[in-house]
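Structure first, commentary second.
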Amino acid sequence: MNQKPITLQIDNHSITVPEGTTILDAATEIGISIPTLCHIKLKGTCVDNHPASCRLCVVEVDGRRNLAPACSTKCIDGMVVHTSSLRVMRARRIVLELILSDHPNECLTCPKSGNCELQNLAIRFKIHETPFAGGELSQRKKEVTTSIVRNMDKCVFCRRCETMCNDVQTVGAIGAIKRGFNTTIAPAFDKKLSESECTYCGQCVAVCPVGALTEHDNTNRLLEDLCNPDKTVIVQTAPAVRVALGEEFGYPAGTIVTGKMVSALRELGFKYVFDTDFAADLTIMEEGSELLDRLTRFLDGDKTVCLPILTSCCPAWVNFFEHQFPDLLDIPSTARSPQQMFGSIAKTFWAEKMNIPREKLIVVSIMPCLAKKYECDRDEFKVNGNPDVDYSITTRELAALIKRANIGFRLLPDSDFDVPLGESTGAGAIFGATGGVMEAALRSAYEWYTGKTLENVNFESVRGLEGIRRTTIDLNGFQLKVGIAHGLGNARHLLNEIRKGNNEYHVIEIMACPGGCIGGGGQPLHHGNSEILYARQRAIYAEDAQKPLRKSHDNPYIQKLYEEFLGKPLGEKAHLLLHTHYFNKSID
C-alpha cells in the first residue's frame, strides 16, 4: 500500500515524509537533534521503543495547547513544529531536573559514567544542581548475578530493557510491577533475575541508558590473578571480539585488530594467548559428527533419531530452551560451546603437557557475551568445584582494562597467537556471525558425507542478517534442509513450529543476539546502528577469507589433538570432555 506523503514545517524547514512518520524521525531526517531518553529505534530490526514516558523529546505544535512528545506524535499535513522554543527548552530542563532528583549522585563510581545518556543530557542542559529534593523515595533492589548487575535505584523507567526482553527476545523475564513510587522493572512477583527465566543474553544491558543494568565486571579479579606468582593465567579470545574491539580505540567499525589485541593481552601479563577459534574448529568436529550420525541413522530408518539437530554454542540460547522448551531437550546437540571445549582441553591435555596443576591454572575468556559469564559458573563445567573456564570478561571490559593499563593500543605491533591452542581455520572465525556455525559445519559435513573435496567453501545462502533464513544444501543428491535464526523471538517461532510437528528442517542454528555474537551484549555499544553490525559481519568473513585453511577438519593441530589425546569424534573420551547435558529449568 502506498503511503500518503505528508508535508510539514519543523523550525521553519519544510519536509515531506511518508504517512505515519513521527516528528522525531522527521526532525532527524533533516538533521535536527531532539533529545531523547526512553526512545530507542534499532535500524533494520523491529525494535522501536517509544513509550513517551520521559517527555524529554517534547516539542511545540501550532494549534495544540500542550507540548507533544516527538517520539510518538505522528506528522500531519500542514503541521508546524517548533523544537527549540523557550517554552520547550524550559519544559525539557524541568523534566530532566525531576528525573535527576530521583537518581543517585554516584557518577564518579558508576560503571556507566562517561557512557551514560542521562549524564550526557545533564551536561547538554548545563544542569549543575537539582532544585527538587525528596527523590529516591522507592525501595528498590540491587542484585548481583554472575552476568548482570541490576541496580534499580538508578532506573529511569525508560522501558527499553522491557522492550528488548519481551518484544524482541520474547523471554519475558522482566517487566513493570507495582504502582506509584514503588514501581520498578523486575521479574514477576519481584523475584531475582536468578530466579526468573532470564537467559543473561545482555540485550537489556546493551540498551540501558544509565547504570541500572550493567555487566558483572571481572577486571579487578583478573588483575589480582595476573599479579599472583603462584598462578599461570592464560586467555582465549572469541572471534567476534577482534572485529569490534577497535571501535573502542577510534578505529572504524569492522576493523580487524587481531594482532594488536594479542599484543595487548601479552602486555597485560597473560602467560599464553590462545584463540577460541581453535575450539570452534573442535566444536565442528564434534557437532558436525553428531549431525552426520543422526542423519545416517535417520536415513537407515531409525525412528528414535531426534531431528532437527539444534546448535548449542550460544549459552543464552541454551538457557532459553532449558527454561521455555524443556520438552525439546533431546533435540539440541550435546556438544559444548567453544568456550567450554577450550577450557576442558586447556585444563587436561594442555595442562598435562605443560606440567601445570589444574588448581594453579587460570583460564580466562574474552567474549562478546554476558551469558558466557554464567556459562563458566555452571556446575557441569567444573571438576571438583574447579571451573574449566574460571571466568569471562567482555569486549568492553577488555577495552577498559587496556585503557586502564595505559597501553597505547594503536601503537602496538601485530602478534600471533600461541600454539597449539591458537591455531585455527577460517571456519572457526565465522562462528562470530549469525549463520557462521552452520556454514562451518556444512564445509566439513559436505566432505564427510560425500567423500568429495569441497572446492567453493562459501555457503552464501546461510549468510545475512534476516531474522530467520531457510535454505537447502545438496549433499550429493541428499537435500539437507537448513534453518538459521538470530534473536530469541525468532528462535521461539521456529521451536513452536517444531513443537506443533511442523518441522521442515534437518539442522537449525540459533544465536540469541542480533547478528549473532557480533551483536552480543558485551560488545561496544552500537546504539541501534545496524551499519555497525554489517561492518562487523563483513570483517568476520574477511578474516575467514584470508586464512590458508578454511575447513575445521583440516586444522593440523585439531588432527593431532585427536591422534594424541581424544581418540575419535564422539568417542568415549571426546564425549566426556567435549559434550554436556541439559536441564529442565521451567518455572511454574
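The values are calculated or read from the model by the stated rules, or taken from the named source; none is laboratory data. Treat the numbers as computed from the prediction; the structure is a model and nothing was measured. We place every Cβ from the backbone using ideal geometry, glycine too, and count neighbours over all the protein chains shown. Just so you know, the surface numbers come from the protein's heavy atoms only, side chains and all, with ligands and any DNA or RNA stripped out. Shrake-Rupley method; radii C 1.70, N 1.55, O 1.52, S 1.80 Å.
Structure values in brief
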{"item": "Residue within the range 210-233 that is polar (S, T, N, Q) and either buried (at least 24 other Cβ atoms within 10 Å of the Cβ) or at positive phi (or both) present", "result": "no"}
{"item": "Matching residues, the range 506-537, being open to solvent by 20 Å² or more (accessible area, probe 1.4 Å) and either more than 20 Å from the chain's Cα centre (by Cα) or basic (Lys, Arg) (or both)", "result": "HIS506"}
{"item": "Residues of the range 134-191 classified as among the basic types (Lys, Arg), over 21 Å from the mean Cα position of the chain (by Cα) and modelled with pLDDT of 85 or more, total", "result": "3"}
{"item": "Looking only at the range 365-381, and only at residues there that are more than 14 Å from PHE342 (Cβ to Cβ) and of a type outside the set (A, V, I, L, M, F, W, C), the one that is nearest to the chain's Cα centre (by Cα)", "result": "PRO368"}
{"item": "Failed item in (1) out of contact with any helix residue (DSSP H, G or I) (no Cβ under 7 Å at 6 or more places or on another chain); (2) in a helix (DSSP H, G or I), with GLY301 passing the rest", "result": "(2)"}
{"item": "Residue count for the range 144-166, restricted to those that are among the charged types (D, E, K, R) and open to solvent by 20 Å² or more (accessible area, probe 1.4 Å)", "result": "3"}
{"item": "Residue satisfying condition, being open to solvent by 20 Å² or more (accessible area, probe 1.4 Å), modelled with pLDDT under 90 and not hydroxyl-bearing (Ser, Thr, Tyr), within set GLU60, GLU106", "result": "GLU106"}
{"item": "Residues (part of a strand (DSSP E or B), free of Cβ contacts under 8 Å to residues at least 24 places away in the same chain and touching an Asp or Glu at 6+ places or on another chain (Cβ under 8 Å)) located in the range 1-34", "result": "PRO5, ILE15"}
{"item": "Positions within the range 46-105 being part of a helix (DSSP H, G or I) and touching a residue at least 40 places away in the same chain (Cβ under 8 Å), in sequence order", "result": "ARG92, VAL95, LEU96, ILE99"}
{"item": "Neighbours by Cβ (under 6 Å, 6+ apart or cross-chain): first from the range 440-455, part of a helix (DSSP H, G or I); second open to solvent by 40 Å² or more (accessible area, probe 1.4 Å)", "result": "THR450/ASN476"}
{"item": "Selection within the range 468-494 - farther than 22 Å from GLY288 by Cβ and touching a residue at least 40 places away in the same chain (Cβ under 8 Å)", "result": "GLY487, LEU488, GLY489, ARG492"}
{"item": "Residue ID - farthest from THR214 (Cα to Cα), chosen from residues in the range 167-204 that are open to solvent by 50 Å² or more (accessible area, probe 1.4 Å) and polar (S, T, N, Q)", "result": "ASN182"}
{"item": "Test set (1) under 23 Å from GLN169 (Cα atoms); (2) hydroxyl-bearing (Ser, Thr, Tyr); (3) open to solvent by 20 Å² or more (accessible area, probe 1.4 Å) - SER312 fails condition number", "result": "(3)"}
{"item": "Which numbered condition LEU299 misses (of (1) within 16 Å of GLN339 (Cβ to Cβ); (2) aliphatic (A, V, I, L, M); (3) open to solvent by 40 Å² or more (accessible area, probe 1.4 Å))", "result": "(1)"}
{"item": "Failed item, numbered, when PHE132 is tested on (1) in contact with a helix residue (DSSP H, G or I) (Cβ under 6 Å, 6 or more places away or on another chain); (2) farther than 30 Å from ARG90 by Cα; (3) open to solvent by 60 Å² or more (accessible area, probe 1.4 Å)", "result": "(2)"}
{"item": "Members of the range 319-337 that are open to solvent by 10 Å² or more (accessible area, probe 1.4 Å) and either part of a helix (DSSP H, G or I) or acidic (Asp, Glu) (or both)", "result": "HIS323, GLN324, PRO326, ASP327, LEU328, ASP330"}
{"item": "Of all residues in the range 538-588 being in contact with a helix residue (DSSP H, G or I) (Cβ under 7 Å, 6 or more places away or on another chain) and among the basic types (Lys, Arg), the one that is least open to solvent (accessible area, probe 1.4 Å)", "result": "LYS551"}
